[in-house]
Every structure is written in C-alpha cells, then in structure tokens.
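**Q** My structure is below; once you've seen it, I'll send some questions.
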Amino acid sequence: MFLDLLRRRNPALVDAAIAAHQSGELPANTFAIDLDAVTANAAAISAEAARLGLTPLAMTKQMGRNPDYCRAIMAGGIAASVAVDTECARATVRAGMQLGHIGHLVQVPRAEARAAADMRPANWTVFNEEKAREAAEASAASGREQPLLARIKASGDEFYSGHEGGFDADDVLALADGLDALDSARFAGITTFPALLFDPQTRAVRATRNLATLETAAKRLTDSGRTGVQINGPGTTSSAALVALAGAGVTQVEPGHALTGTTPWHAVQDLPELPAACYVSEVSHLHDGRAYCFGGGMYVDPVFPPYQVRAVVGREPGATALLPATLPPPTAIDYYGQLDLADAPTVSVGDSVVFGFRAQAFVTRAYTAGIAGIASGRPRVAGIYSADGSKTSWPA
C-alpha cells in the first residue's frame with residue numbers, strides 16, 4: 001500500500017536505496033530514510049504549526065531514533081522531540097534535540113526518574129499521583145521545577161489496547177491543585193492519546209471522544225482562572241490536520257509518521273508530506289518457486305486490515321520487478337520474507353528487495369540509514385545505526 005505511494009511520489013528513494021545496497025553501502029534489513037524529504041516534511045509541519053500558534057514535538061521511534069533523521073527534522077524547524085520511553089529520550093538528546101515531552105505514551109520507571117529529570121524535559125506526563133511524586137522528587141534532586149502534563153480520561157474515550165490509564169477528567173480542578181502542591185513540580189496541562197484517528201470509511205481523520213474530553217477539561221481549567229494551560233493532542237498528525245486540532249484548543253502536536261509521509265491518511269490522499277522511508281532487503285536463496293529475502297524489520301504497523309504486500313526487486317534503479325510478498329506473521333520470528341516468482345523467474349540471489357510499509361523500526365532488529373542528497377540527484381548514505389539509534393559496527 002505504501003509502496004505504491006512511494007513509487008508514485010518519491011521513486012528516487014527506491015532508486016537510491018537499490019543503488020546503495022548494490023554498491024555495498026547499505027546492508028540488507030535496513031530502513032532507508034530520505035533525509036531531504038524528511039526536512040521538507042518537517043518544514044511543512046513546522047510552518048503550519050507556527051501559523052496556528054502550535055508547538056510541534058517530533059516522535060522519532062518509527063525510524064529508530066536515527067540521529068541523522070533527528071537532525072533532518074531539526075533542519076526543518078522542529079527542535080524538540082517527544083520520547084516514547086526513556087531510551088528514546090536518551091537517543092534524541094544525544095542527537096542534539098531538546099527533550100520536549102517524556103512519559104507519554106510510556107510512563108517513566110521509578111529508577112529512571114532522575115535520569116529523565118536530568119535531561120530537562122519541557123513536559124512530563126503522569127498517569128497517577130505516585131508517578132507525579134516520583135517526577136517531583138527526581139526534579140528536586142536535579143535542582144529544577146518540572147512542568148507536569150496530566151493524562152486524563154472520561155467515559156467513552158478511545159484507547160489502543162494496552163494504552164489505557166490516566167486521571168479522571170471530572171477531577172481536573174483538584175488534580176491541577178494537587179500537582180501544584182508538589183515540591184519541585186507544577187501542573188502545566190493535560191493530554192490524551194489519540195486525539196485524532198484515521199477513519200477508513202471516510203478515508204480521512206476524525207476527532208476522537210478523547211479530544212472532546214480535553215476541550216471540556218480545558219474549559220473548566222480556564223473558567224477557574226488558570227491561564228497558559230498546555231493542551232497536548234497527539235495522533236495522526238499531518239500538517240493537514242493541524243487546523244482541526246488548533247480549533248479544538250490544542251497547543252502541542254506530535255508528528256511521527258507524518259515526518260515520513262506514512263500516516264494511514266497519506267496512503268489514501270496526497271497530503272503535503274512526501275513518503276520518505278522504505279525497507280531494504282536482499283534475496284538470500286530460492287526455493288520451490290519463491291525467493292527468500294532477509295528479514296529483521298518486517299513488523300508492519302497494523303493500521304489497515306490485512307492486504308497483499310508487494311516488493312520491488314532488482315539490481316538496477318528503474319529496471320525492477322514488482323512481486324507479491326508473504327511476510328512472517330507476528331507470532332513468528334521474521335528471519336525471512338518470501339517473494340512469489342510466478343511472474344519473475346529471473347530473480348537472482350543478491351537482488352535488492354524494497355518494501356514500502358508503515359514501519360516501527362524501534363521494535364525491530366533492523367538497521368536504519370539516512371540517505372542525503374536525493375533531492376539534488378547526488379544521494380549518499382549518511383550513516384548506519386541500530387534500531388535504537390545507537391552506533392553500529394557495520395560493515396566492520
């Protein structure tokens with residue numbers, strides 16, 4: 001699905017990935033990132049956010065917190081990251097980004113609270129009083145006052161399975177007072193996830209009940225005399241969605257897949273952001289009418305019902321076959337993917353294989369690699385990193 005989009009809107013990335021793989025610059029099992037396109041995407045989001053008075057914070061986990069990716073985002077005008085977990089915070093800070101938000105989606109473990117405080121997050125989300133106290137105590141030890149965002153919830157709110165949690169939105173006034181009473185911490189605002197979701201029926205994004213919960217709680221806070229309340233509203237954050245979020249009172253937005261043009265909305269409509277990532281593999285061997293290609297990064301983020309995955313296969317940019325692919329199910333280790341050779345009997349061991357799917361590199365064992373210079377026609381691999389954003393010894 002995203003491969004069709006990639007081949008139509010950014011075929012130069014596919015060509016650059018094949019050329020780099022064939023020259024030995026790019027290993028199999030790598031998420032290749034068009035850094036020029038990422039910078040352009042970040043610039044589009046940043047400009048629209050500035051027009052609407054919103055603060056954008058970049059989610060980088062999808063591309064494994066690759067430091068070149070982080071720097072490309074910063075070059076586009078988004079200076080701060082939102083960290084899905086503490087390791088994400090470390091990686092983005094190492095890459096030079098400010099830490100804009102931590103604790104959401106994943107709460108900060110108690111033993112890591114001091115490390116989180118020392119990274120000086122602009123916002124720290126807490127789901128309960130215990131986590132609020134931990135954040136406050138860690139911030140006191142770090143010698144600073146920590147602004148806290150409270151995750152709130154109400155009846156009818158929508159959560160992905162395993163993402164549930166938060167304070168009762170009906171108690172938001174007492175909650176704000178309670179967080180203000182903590183030493184070395186203060187109430188800064190409220191958050192939820194997701195504020196927007198893609199609707200496959202309308203083929204567009206829609207507001208969730210959670211966004212209405214934020215609006216209602218924010219009004220109660222302002223009616224009580226509070227000012228400067230931050231309203232954090234992440235979820236399917238293309239630049240095209242920012243008007244709706246701003247209209248609902250949101251002050252902070254958190255683009256993730258929009259930075260690589262791979263939200264589900266991008267798959268069905270041409271939005272301002274270009275597709276900017278693909279997964280590169282290599283044919284390992286042939287067996288019984290199938291070509292087996294190396295895996296390691298074949299986790300497909302399940303935002304759509306199952307569909308026929310395809311891959312571009314070949315050795316020369318622009319001269320490639322498009323083949324049906326079978327990827328291992330989530331219950332299996334993805335040692336290999338399989339390509340149906342019924343319509344391409346000339347596929348050979350060593351051929352490049354390029355997939356286009358919605359990635360979550362940080363949960364895989366894949367490499368990530370930024371490719372610079374695609375927009376100018378002079379592509380070069382900027383660096384090879386592990387899926388957690390750390391340096392790798394490849395190809396030593």
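The values are calculated or read from the model by the stated rules, or taken from the named source; none is laboratory data. What you are looking at is a predicted structure, and each value in this text was computed from that prediction instead of being measured. When we count neighbours, we look across all protein chains shown, and the Cβ atoms used for this are built from the backbone with ideal geometry, even at glycine. The accessibility values were calculated without ligands, DNA or RNA, using every heavy atom of the protein model including side chains. Shrake-Rupley method; radii C 1.70, N 1.55, O 1.52, S 1.80 Å.
**Q** Taking only the Cα atoms of region 147-230, how large is their convex hull per residue, in Å³?
**A** Details: hull volume 8.5 nm³, N = 84.
Measuring per residue, one finds 101 Å³ for the Cα hull of region 147-230.
**Q** Count neighbours as other Cβ atoms within 10 Å of each site's Cβ, and list the chymotrypsin sites (Phe, Trp or Tyr not before Pro) in region 96-189 that are DSSP loop with at most 10 such neighbours. The partial results should precede the final answer.
**A** Numbers: sites: Trp124, Phe127, Phe159, Tyr160, Phe167, Phe187; in loops: Phe127, Phe159, Tyr160.
Answer in residue order: Tyr160.
**Q** Decide, for region 56-158, between rounded, prolate and oblate: order the square roots of the alpha carbon gyration tensor eigenvalues as a ≥ b ≥ c, take rounded if a/c falls under 1.5, and otherwise choose prolate if a/b is larger than b/c, else oblate. Mind showing how you got there, number by number?
**A** On the way: a/c = 2.10, a/b = 1.35, b/c = 1.56.
Here region 56-158 falls in the oblate category.
**Q** Give the span of region 223-317's Cα atoms along each principal axis, as three whole-Å numbers ordered largest to smallest.
**A** Principal axes ranked by extent give 71, 23, 22 Å for the Cα atoms.
**Q** So what's region 109-194 giving for Rg/Rh, alpha carbon basis, Kirkwood Rh from the mean inverse pair distance? Display every interim value, and only then the final one.
**A** Details: Rg = 12.8 Å, Rh = 13.1 Å.
Value, to two decimals: 0.98.
**Q** Out of residues 5 or more away from Gln146 or on other chains, whose amide H comes under 5 Å of its own, with H placed 1.01 Å from N in the peptide plane?
**A** Placed amide hydrogens put Ala185, Arg186 under 5 Å from Gln146.
**Q** Let me have the 222 nm mean residue ellipticity of the chain computed from DSSP H runs of 4+ only, each contributing -39500 (n - 2.57), with the sum over all residues rounded to the nearest 500.
**A** Values: 11 runs with 110 residues, N = 396.
Result for the chain: -8000 deg cm²/dmol, rounded to the nearest 500.
**Q** Excluding residues on the same chain fewer than 8 positions from Lys131, give the lysines whose Cα lies under 29 Å from its Cα.
**A** Partners within reach: Lys61, Lys153, Lys219.
**Q** Compute the label zone of Asn128 within region 143-165: residues whose backbone N is under 11 Å from the point 7 Å along Cα-to-Cβ.
**A** Hits in region 143-165 for Asn128 at 11 Å: 165.
**Q** How much area per residue is accessible in the chain when the probe is 1.4 Å and only protein heavy atoms are counted (Å²)? Spell out each step's value before the answer.
**A** Numbers: 15790 Å² over 396 residues.
Counting only protein heavy atoms, the per-residue value for the chain is 40 Å².
**Q** Percent of Cα-Cα pairs per 10 Å bin, from 0 to the last occupied bin, for region 4-69, please list those.
**A** The percentages, shortest bin first, are 17, 41, 30, 10, 2.
**Q** Specify whether the C-alpha gyration tensor of region 261-396 places it in the rounded, prolate or oblate class, a ≥ b ≥ c being the square roots of the eigenvalues: rounded for a/c under 1.5, otherwise prolate if a/b is larger than b/c and oblate if not. Don't skip to the answer; put the middle values down first.
**A** Numbers: a/c = 1.27, a/b = 1.18, b/c = 1.08.
It comes out rounded by the Cα gyration axes.
**Q** Would you mind classifying region 1-112 by shape? Square roots of the alpha carbon gyration tensor eigenvalues, ordered a ≥ b ≥ c; an a/c under 1.5 is rounded, otherwise it is prolate if a/b is larger than b/c and oblate if not. Provide the component values of the computation, followed by the final result.
**A** Numbers: a/c = 2.28, a/b = 1.42, b/c = 1.61.
Oblate is the answer for region 1-112, as a/c is 1.5 or above yet b/c matches or exceeds a/b.
**Q** Would you kindly give the portion of the calculated P(r) for region 298-348 that falls above 14 Å, as a percent of all Cα pairs?
**A** Values: 738 of 1275 pairs.
More than 14 Å apart: 58 percent of the Cα pairs in region 298-348.
**Q** If you don't mind, there's one more thing I want to ask. When the accessible area of region 1-91 is split by element with a 1.4 Å probe, what percent falls to carbon and sulfur? Kindly include the intermediate steps, with their values, before the conclusion.
**A** Numbers: 1330 of 2580 Å².
With neighbouring chains kept in place, the figure for region 1-91 is 52 percent.
**Q** Give, in whole angstrom and from largest to smallest, the semi-axes √(5λ) of the equivalent ellipsoid of region 143-187, with λ running over the eigenvalues of the Cα gyration tensor.
**A** On the way: eigenvalues 119, 35, 6 Å².
One finds semi-axes of 24, 13, 5 Å for region 143-187.
**Q** If I histogram all Cα-Cα distances within the chain using bins 10 Å wide from 0, what percent of pairs lands in each bin?
**A** 5, 23, 31, 23, 12, 5, 1, 0
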